[in-house]
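Have a look at this one before I ask anything.
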Amino acid sequence: MTAQSRADRLADRLKDRDAKDEADGHKGGKQGAGQADTPSPPSSPEGKRGAASEGPPPAEEPKDARTKFQAYVLKSVQDEAKAIVYWTNNRPGGYASLTELAEHALRREIERMRHEFTGDQPFPPMPADQKLTTRPPRRGE
């Protein structure tokens, strides 16, 4: 039996968790999960020669690649999240990283909010001229 890398284990856990979420009736758990975890194969010098090169064309970048997401979170919440990862990372149903825990928690909350506010439809994108720090207009004004 060969040892799996941490990235492979994380990708497997994301697939397992998405399958479990889908079985539990949670929609949207599969959107982009694990896509950025799988590194693309390194390009070889032969691939740069042009049309005469053999082999498959270069892989396209995933549509839903992971990017940095920054938020201020209470220290107590951070400490608990770190403890969860530390104590569960090698257990079934545990989390291999803070990224995995945060992404899963956000997906669940997004699904709940979609169900409550938009009939399970995605929210429309924010207007391009708005920022999250601006307050929405008051109701009734």
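The values are calculated or read from the model by the stated rules, or taken from the named source; none is laboratory data. This structure is a prediction, so every number in the text was calculated from the model and none was measured. Using ideal geometry, Cβ is built from the backbone for each residue, glycine included, and neighbour counts are taken over all protein chains shown. Protein only, heavy atoms only, side chains kept; ligands, DNA and RNA dropped before computing areas. Shrake-Rupley method; radii C 1.70, N 1.55, O 1.52, S 1.80 Å.
Considering only the range 93-123, how many residues are part of a helix (DSSP H, G or I), aromatic (Phe, Trp, Tyr) and open to solvent by less than 100 Å² (accessible area, probe 1.4 Å)? Lay out the reasoning, then the answer.
Residues of the range 93-123 part of a helix (DSSP H, G or I): 98-118.
Subsequent filtering for residues that are aromatic (Phe, Trp, Tyr) retains 117.
Now restrict to residues that are open to solvent by less than 100 Å² (accessible area, probe 1.4 Å): none.
Looking only at that region, the number is 0.
Is at least one residue of the range 88-103 farther than 16 Å from residue 11 by Cα and of a type in the set (Gly, Ala, Ser)?
No, the range 88-103 contains no residue that is farther than 16 Å from residue 11 by Cα and of a type in the set (Gly, Ala, Ser).
Restricting attention to the range 59-92, which residues are of a type in the set (Gly, Ala, Ser) and open to solvent by less than 70 Å² (accessible area, probe 1.4 Å)? Don't jump to the end; show me each part of the working.
So the first thing to find is which residues in the range 59-92 are of a type in the set (Gly, Ala, Ser), and the list is 59, 65, 71, 76, 81, 83.
65, 71, 81, 83 - these are the residues of the range 59-92 that are of a type in the set (Gly, Ala, Ser) and open to solvent by less than 70 Å² (accessible area, probe 1.4 Å).
State which residue pairs qualify: first residue hydrophobic (A, V, I, L, M, F, W, C) and inside the range 59-87, second residue part of a loop (DSSP other than H, G, I, E, B) in any location, beta carbons under 7 Å apart, and separation of 6 or more residues or different chains.
Note: pairs meeting the criteria are 59/40; 84/95; 85/95; 85/97.
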